[in-house]
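Heads up, the thing below is written out as structure tokens.
Every number here is computed from the coordinates shown, using simple stated rules; none is lab data. Since this is a predicted model, take the numbers as computed values, not measurements. Cβ atoms come from the backbone with ideal geometry, glycine included; neighbour counts cover every protein chain shown.
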Amino acid sequence: MAIKFNRSQTFATGGTVTAADLHNLVDGTDIYPALITDQGNLATVSTADKILIADVDDTVNAKSTTVQNLFDDALSTGTYTDAYLSGQFSYGTATGTRLISTNATITTGTIPTATLGTTTGTAATFTSSTFGTTTATAANITSGTVQTLTSSTATITAGTFSGLINSSTGTFSGAINSTAGTIGTINSTTGTIGNFTTTLTGDLTISAGTATVGTRVAVVNTAQEYTATHNFNATSLTITSGTIPWNLAANQIAKLEVTTNSTLNTPTNPVDGATYMLVVTQGTGGNNTLSFSTAYKFPGGVAPVLSTGSADVDVLAFVSNGTVLYGVTSQDFS
């Protein structure tokens with residue numbers, strides 16, 4: 001092993017060197033900076049490279065260790081209160097507590113359990129986050145804004161969701177309150193929606209299956225009592241060249257002002273068992289007649305003759321068998 005002599009040890013020219021002097025050459029050796037700076041530079045350091053260590057437990061012999069051991073041992077048990085790390089910092093599995101006060105950015109990795117306390121400003125906001133499978137109680141977000149939530153399985157007990165929720169499966173056991181925003185599509189292959197209140201701006205379509213509703217909604221296959229008014233909008237029929245078409249699908253309750261002698265054509269779209277009403281008003285001056293096609297049948301086979309007075313009103317009520325309309329007349333409301 002090469003030894004650099006202690007430069008503080010001096011000898012007189014032509015003098016005598018004692019055994020003690022020789023010991024001082026080694027026992028009193030100092031390592032000067034030149035011993036390090038005079039060496040060639042090491043461009044890169046590998047984990048297997050060795051460095052010299054003064055072992056606090058051995059005051060006689062210096063020890064060597066690898067760079068790998070230095071970082072494995074010293075950094076794993078030490079505490080560094082003011083360590084500044086710039087650039088990219090990567091580490092493997094973290095088992096202890098890692099506290100980052102501000103500006104923490106995690107680009108990839110696994111956080112098995114995350115507890116997020118209250119932050120400043122508008123609470124915790126995640127503009128774009130992807131969370132894989134978590135353990136224990138899964139992800140608990142007590143306050144904040146989740147812009148987009150995509151979950152293959154989850155439990156949401158309560159909250160306000162103003163955007164889009166896509167879930168192929170999951171349980172929503174509490175209340176989903178959407179006070180603002182648009183829910184474009186709700187897909188539920190299983191589960192129960194206890195209470196659903198919405199204002200529809202378009203159509204509600206059930207393409208397959210059966211819809212079961214409560215007593216406050218009218219259904220076509222259940223006997224119900226109406227406790228408020230239900231009516232058809234009375235629409236006007238038009239005389240064209242003395243003839244009058246009547247589309248029963250659009251005008252179940254119709255009104256007609258006869259201003260010339262006219263004929264009521266065979267109606268279109270009659271429904272078996274349906275009832276229809278026609279309110280006829282005599283035009284100014286009166287004396288206008290109304291004839292009926294053979295699709296209209298009246299008692300005794302005799303069609304009614306309209307009241308002749310100006311502004312007189314006749315009401316015709318019909319029931320259909322799907323082909324013809326059987327009618328009765330109440331006349332001369334003046």
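Here are some notes:
- Note on L75 and N269: the extension gain reaches 61.1 nm, defined as 0.36 nm multiplied by sequence separation minus the Cα-Cα distance.
- A full extension of the chain between N41 and T59 corresponds to an added length of 3.6 nm, given 0.36 nm per residue minus the alpha carbon distance.
- The alpha-carbon atoms of segment 268-314 define a convex hull whose volume equals 97 cubic angstrom per residue.
- Seen from S330, the other residues with C-beta closer than 15 Å to its C-beta sum to a net charge of -2, counting Lys and Arg as +1 and Asp and Glu as -1.
- Cα-derived Rg to Rh of segment 222-334, Kirkwood definition: 0.99
- Using the Cβ-Cβ distance between Y326 and E257 with R0 = 30 Å, the FRET efficiency computed as 1/(1 + (r/R0)^6) comes to roughly 0.80.
- Placing pseudo-labels 7 Å out from each Cα toward the beta carbon at N221 and T284 gives an inter-label distance of 5.4 nm.
- Additional length obtainable on full extension of the chain from F298 to A317, 0.36 nm per residue less Cα span: 5.8 nm
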